[in-house]
Amino acid sequence: MSTCELCGRHPVKCTTHHLLPKVEGGTFGETANLCIPCHKQIHALYTNQEIAARLTTIRSLKEDAKLRSFIRWIRKQSPNTIPRTKKSNELRKKER
Ligand SMILES: [Zn+2]
Ligand SMILES: [Zn+2]
């Protein structure tokens, strides 16, 4: 359990997000601890290419308009709540 670097909630179960996506060359790059809903939201909103182009810092993620409204909302949710994030068709294909 730790603190999410994006929404600041704690204690929450965190996952490792590569600030520069692995597929874009970030395998050994910087990472951030993100709670599951924040992490899912980033990847639901942006492709790895978009993240690599302009969202490779926590600061730029926090300042992004779409994520900002999500963060405002998630902050009010209890750390125990894991909201459902709709999976994109692309993700579903990968899991098959
Ligand atoms: Zn979070
Ligand atoms: Zn990630």
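Structure above, values below:
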read-out: Residue 45 paired with residue 59, simple spin-label distance in nm, labels 7 Å along Cα-to-beta-carbon; value: 1.8 nm
read-out: Estimated dipole of the stretch 1-78 in Debye, rounded to 20 [Cβ of Lys and Arg +1, of Asp and Glu -1, Cα centre]; value: 400 debye
read-out: Local net charge near residue 54, Cβ-Cβ under 14 Å (Lys/Arg +1, Asp/Glu -1); value: -1
read-out: Interatomic Cα distance distribution for the stretch 1-78, bins of 10 angstrom, percent; value: 20, 56, 22, 1
read-out: Apportionment of accessible area to carbon and sulfur, the stretch 1-78, percent (1.4 Å); value: 51 percent
read-out: Dipole-positive endmost among 60, 1, 15 within the stretch 1-78 (Cβ charges, Cα centre); value: 1
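The values are calculated or read from the model by the stated rules, or taken from the named source; none is laboratory data. Quick caveat, the model's predicted, so the values are computed rather than measured. We place every Cβ from the backbone using ideal geometry, glycine too, and count neighbours over all the protein chains shown. Note: accessible area is taken over every heavy atom of the protein model, side chains too, but ligands, DNA and RNA are not part of it. Shrake-Rupley method; radii C 1.70, N 1.55, O 1.52, S 1.80 Å.
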